[in-house]
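Data first, discussion second: the structure below is written as structure tokens.
The values are calculated or read from the model by the stated rules, or taken from the named source; none is laboratory data. Bear in mind the structure is a predicted one, so any value in this text is a computation, not a measurement. Cβ placement follows ideal geometry from the backbone for every residue including glycine, while neighbour counts extend to all protein chains displayed. Accessible surface areas use protein heavy atoms only, side chains included; no ligands, DNA or RNA. Shrake-Rupley method; radii C 1.70, N 1.55, O 1.52, S 1.80 Å.
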Amino acid sequence: LRLASVTSSIIELGSGNRSPSHVYSSTLKALEATLASKDIDHSLDVHLTQCGFLELLSVTFQHVGKQALKATISVVSRVLRALVLSCQQVDSTMLDTKDDLSSLNSVLRNACRCSCEFLRVIPSDTSRDDVSSMFRGTCLTLFNHPKRKVYQSAHDGACELLAMVGPSCHAAVRKDTVKFIDSRLKMALSGKKDNSNIETELAQLLEFINKVVPYLDSLKIGAKLMELITVNISDLAALKMQAVYMKATKAQTQEQSETIVMLLKTVMVILEQDGMSSPQKEKAMGEFSARVLATLLQLRPGIILPSHMDDSEQINANAILHGSLLIMACRKLCEYGDSTTAGKLFPLTLQLILKLVLSQTDAEVAAALSPQMLEFFRVEVTMLEGKDKANFDECIVKCFP
């Protein structure tokens, strides 16, 4: 019965009536027919058929009237969500390939792309509930998928929606994305040890955050990331680990070390934003950069591996990341923050950076950080002098006693 329905729809597509609306409705009908059986077939042929229908649907959306799309969103959402759910309920290892391009994963990736393409062209007055249900059930649900190519397709689809301008993406997409990020960061902060995948899920989430920093309120996200950094560094400090950024002797501390590195990289991406669009955002950036500096200065994380471990390349890479983050935070604090706070924190930061450079036996770290420091003195320190000459003079005396 299912194959007969699919065949009928394909024949109908090949008939004389080939208007976009007709192709759209017939293809949707054909795709739904592949899910009609109680025991859904997950053979290679069916997956390839579904991928073909999904690709055809994706290219027809932009040629169909917006009101027609708005009127049929509940049907499209139901079919795509059912397709994603049916694939998620299958043991993916049965159809695994080394390149993650199995037919099952292809269906998931195509379903996600199809959904995001639909959400990209719908009118802004489409029901929030319908949009939210579709976005969560076809895109956000794949953010934690174990296969990299699948969750990256979900990331890319959401990122393309958030990046839309003229018109912007539907408000429900932005709201659901923010809620998802917030809930996942809160879960990571709660430190639930019963979730064995928490480090992996956090790593995948940070990948996504790095992509969408320009499109969301990244400073609020950054505040939670600093909480996570504090928690992870404090945990390792309690274990008297010398090297919280590097490899560790136990699997658990190894994961926490890697997590800290990923968190610092994401904070760096947030700090590197240019052109704060309003006085409120400028103030928020100044406060955030001061928090980054204060946190790292207070925790003073170690940068040397235990003596029995030898990984100079990893040491240098993380030392450069640490130093670059300190310098970037200083630059943003001088540009957007309070000059008095900048004058107090900069001498302490300079001391930590010098300690970091001198702790390395080769010149790689110094070579990487020196140009950044010179640029900071040339631009932002001069800016600080123009803002508050007395505070600037005191700051220079503390830097070079």
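Counting only helices (runs of 4 or more DSSP H) that fall entirely inside segment 204-311 and contain at least 3 residues that are at pLDDT 90 or above and over 25 Å from Asn144 (Cβ atoms), the qualifying elements are 279-299. Residues in segment 368-396 that are open to solvent by 70 Å² or more (accessible area, probe 1.4 Å) and within 20 Å of Ile320 (Cα to Cα): how many? Here the count works out to 2.
Here are some residues: Leu161, Leu185, Leu108. Which one is modelled with pLDDT of 95 or more, assigned to a helix (DSSP H, G or I) and open to solvent by less than 50 Å² (accessible area, probe 1.4 Å)? Break it down into steps so the answer makes sense when it comes.
On the way: Leu185 fails: modelled with pLDDT of 95 or more; Leu108 fails: modelled with pLDDT of 95 or more.
Going through Leu161, Leu185, Leu108 in turn, the sole match is Leu161.
Pairs linking a residue in segment 329-343 that is closer than 15 Å to Ile270 by Cβ to a residue that is open to solvent by 50 Å² or more (accessible area, probe 1.4 Å) and in a helix (DSSP H, G or I), with Cβ atoms under 6 Å and 6 or more positions apart or on different chains, are Tyr336/Glu282. Scanning for something at pLDDT below 90 and surrounded by 15 or more Cβ atoms within 10 Å (Cβ to Cβ), does segment 193-200 turn up at least one residue? Looking for residues that are at pLDDT below 90 and surrounded by 15 or more Cβ atoms within 10 Å (Cβ to Cβ), one finds at least one in segment 193-200, hence yes.
Have a look at Ile40, Ile10 and point out the one that is surrounded by 10 or more Cβ atoms within 10 Å (Cβ to Cβ), at pLDDT below 85 and not in a helix (DSSP H, G or I). Spell out the reasoning first.
Working: Ile10 fails: not in a helix (DSSP H, G or I).
Result of the check over Ile40, Ile10: Ile40.
Of the residues making up segment 352-367, not a single one is under 30 Å from Pro279 (Cβ atoms) and open to solvent by 40 Å² or more (accessible area, probe 1.4 Å).
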